[in-house]
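A short worksheet on the structure shown next.
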Amino acid sequence: MNKKYLILHGWGGSDFPHWQSWLAGELAKNYSTVSFLKFSDFDFPDKNRWMNELKKELEEFKPDVVICHSIANILWFQMCHEFVLVELEKLYLVAPPSLKCDIAELNSFYPCATPTNLYAKESLLITSTNDPYLSVDEAKSLQKSLDIPMKILENAGHINSDSGYGEWPWILENIIE
């Protein structure tokens, strides 16, 4: 079966050379069906606008796998609180920011509580030992409250192109297995 992959970028987008851009291209090369949703005004994101855009994409595209990066994780959490979603096969939560984030441009996404249902059969939290937006202790607390497996990358920063994550073969291998 040809799976459908939905890639959700964070604040500022995930244009080349970001791993999400690379991943979209790699999936497409293998004839997978990919939606790399471009949210409106991603430098000044608005939770309600992004939720409407994501809700429409979920209804129309009907993904099997969703890969979130950065603030898209918080967006997914908010979606889980607001709606009953169709259950995914897999959900990847990559480099979520703290649930106590206080960046002015992201204020509309907060406050945010941990959802009790992620609407996915399998989920994986992926974080880094030195992410400036989420400490390891916060990541462990988030993992515990979500009750899902976690992979901690050593010194991977915010797991973006600034920290060397352009091509990221590990994520490709893990989402297509």
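The values are calculated or read from the model by the stated rules, or taken from the named source; none is laboratory data. Computed from a prediction, not measured in an experiment: that's the story for all the values here. Glycine gets a Cβ as well: all are built from the backbone with ideal geometry, and neighbour counts include every protein chain shown.
Here are the numbers for the structure shown:
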item	result
Leading residue by the ranking (nearest to PRO63 (Cα to Cα)) among those in segment 101-144 that are in a helix (DSSP H, G or I) and in contact with a Lys or Arg (Cβ under 6 Å, 6 or more places away or on another chain)	PHE109
Unique match (being buried (at least 16 other Cβ atoms within 10 Å of the Cβ) and more than 15 Å from the chain's Cα centre (by Cα)) among TYR165, TYR133, TYR110, TYR92	TYR110
Leading residue by the ranking (nearest to LEU88 (Cα to Cα)) among those in segment 14-37 that are in contact with a helix residue (DSSP H, G or I) (Cβ under 9 Å, 6 or more places away or on another chain) and either among the acidic types (Asp, Glu) or part of a loop (DSSP other than H, G, I, E, B) (or both)	SER32
Some residue of segment 137-144 being more than 18 Å from ILE67 (Cα to Cα) and of a type in the set (Asp, Glu)	yes
Which listed residue is closer than 20 Å to ASN160 by Cβ and either among the charged types (D, E, K, R) or at pLDDT below 95 (or both), from GLU26, GLU60, GLU89, GLU82	GLU26
Candidates PRO149, PRO132 - the one that is in contact (Cβ under 8 Å) with a residue 12 or more places away in the chain, out of contact with any strand residue (DSSP E or B) (no Cβ under 9 Å at 6 or more places or on another chain) and over 20 Å from TRP50 (Cα atoms)	PRO132
Positions within segment 48-88 being of a type outside the set (A, V, I, L, M, F, W, C), in a helix (DSSP H, G or I) and buried (at least 18 other Cβ atoms within 10 Å of the Cβ), in sequence order	ASN73, GLN78
Search result, residues across segment 40-53 that are over 17 Å from TYR110 (Cβ atoms) and at pLDDT 95 or above	ASN52, GLU53
